[in-house]
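Worksheet for the structure shown next.
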Amino acid sequence: MESTFAIIAEPNRRAILSLLAASEQSVGDIEEKLNLSQPSVSKHLRVLREAGFVEARVDAQRRLYRLNPEPLMEIDAWLAPFRRFWSVHLDALERHLDQIDPAPRSKGKKR
């Protein structure tokens, strides 16, 4: 079985996971939105399903796929100790932006 990181390293699988993060999708929906062939989508969904990233349910004549967040939470937990490496850079960027435009920022309001 492929490792979790090998599974999500494939760009089409990441694209499928992104679609499923928004809502359930059928194979046909995924084919259309990602411009992939049905066999390709099915192959990627099989890999994702076997690894536990997605779940399927039958709805009449089609199968709907949805995201299973548990494997992603495991990846998030593994990444936690490394966040300090990029959060320092994000903090520095925020300080720099504050120096350029010291006006207070508030969510949802345009400048």
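Of note:
- Separation of the residue 3 and residue 97 label points, Cα + 7 Å toward Cβ, nm: 3.4
- Here Cα Rg over 2.2 N^0.38 Å was calculated from the structure, and among (i) 1.45; (ii) 1.18; (iii) 0.97 it sits at label (i).
Here, each number is a calculation from the coordinates, and none is a lab measurement. As the structure is a computational prediction, the values presented were derived from the model and not from experiment. Neighbour counts are summed over all protein chains in view; Cβ atoms, including those assigned to glycine, are modelled from backbone coordinates with ideal geometry.
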